[in-house]
Structure formats: C-alpha cells, structure tokens
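The structure appears right after this line, and notes come after that.
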Amino acid sequence: MTQHNLHTPDADDYDPSASSLADQVDQSVMAELLSIRSSIDNIDATLVYLLAERFKATQKVGFLKAAHRLPAGDPGREAAQIARLRRLAEDAHLDPAFAEKFLSFIIGEVIRHHEAIAEDHEAASGQHPQASALA
C-alpha cells in the first residue's frame, strides 16, 4: 500500500507570493495582485481573531446557560440578530443572503458548543441531561 505524504501548510509555511499565475501574467500585474492579496490576508487574519473573541464571549454565555439550565439556542435572539445583520449587510453593500448564511453557520456552531458545555456541566454535577429537563 502506498502511503501519501500529505502536508498541510501551517502559518510558518505560508508564502504570500504563492500563485499559479506567476508565469502567466506581466510582473506589474502580478505585483498589483500580490499587493491586493496582502490586504486580503490581513483582513482574513483579523476575521480569525475577531471570531476567536466572539467565541470566547459565546462560551461565557454557554457556561451561564448551563449553570441555569437554559436552552442552548434562543430562537428570538437568533432571528433578531439575523435581521440586524441583514440590515447591516445592506448598508455595507454586502449580499444580505450571504451575511445570513454566514451568521447562521456561526449560530449553529455556538449552539453546538453550548450543548457540549451543558452536557459537561450535567456530567460534572452528576445529573443526566434528560433528568434535569424533567425537573
């Protein structure tokens, strides 16, 4: 059996000038492309750090909900947030449907995390999740 050497690059391996287009376009076009991509890379890094901060805050919400046996999801809050982000997206000239899909994905992840936190909390307190739901 042949073993494939699959290497996933990490941040240390990142080459901002990597492109399959380098030999296909004029150097001045490539330089402009790389300059724009540099801005995109900075924005992507900012998004990652902002998402990390957001998830730190939602983790605190998850612990609070678990401690008080509140449901992982809050459909009223979620609907209000989606409507709010759709309006913000329109104001920013971003496709509101994309903004909704993006936020819905994040909400799904947050709920999944909240459910895991609740399960861990229940296990630590020695109660079964179904038992507490019936209480």
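For segment 38-58, check the following and say yes or no: at least one residue is exposed (fewer than 12 other Cβ atoms within 10 Å of the Cβ) and within 30 Å of Gly126 (Cβ to Cβ). Yes. Checked against (1) of a type outside the set (A, V, I, L, M, F, W, C); (2) part of a helix (DSSP H, G or I); (3) in contact (Cβ under 8 Å) with a residue 24 or more places away in the chain, Lys60 meets all criteria but (3).
Residues in segment 63-106 that are in contact (Cβ under 8 Å) with a residue 40 or more places away in the chain and of a type outside the set (Val, Ile, Thr): Phe63, Lys65, Ala66, Ala67, Arg69, Ala72, Gly73.
Note on segment 79-117: among residues that are within 29 Å of Ala67 (Cα to Cα) and of a type in the set (Lys, Arg), the one that is most open to solvent (accessible area, probe 1.4 Å) is Arg112.
The values are calculated or read from the model by the stated rules, or taken from the named source; none is laboratory data. Only a predicted model underlies this, so the values are computations on that prediction, with no experimental measurement involved. Note that we place each Cβ from the backbone using ideal geometry, even for glycine, and neighbour counts take in every protein chain shown. Ligands, DNA and RNA are stripped out before the accessible areas are found, and what is left, the full protein with its side chains, is counted by its heavy atoms. Shrake-Rupley method; radii C 1.70, N 1.55, O 1.52, S 1.80 Å.
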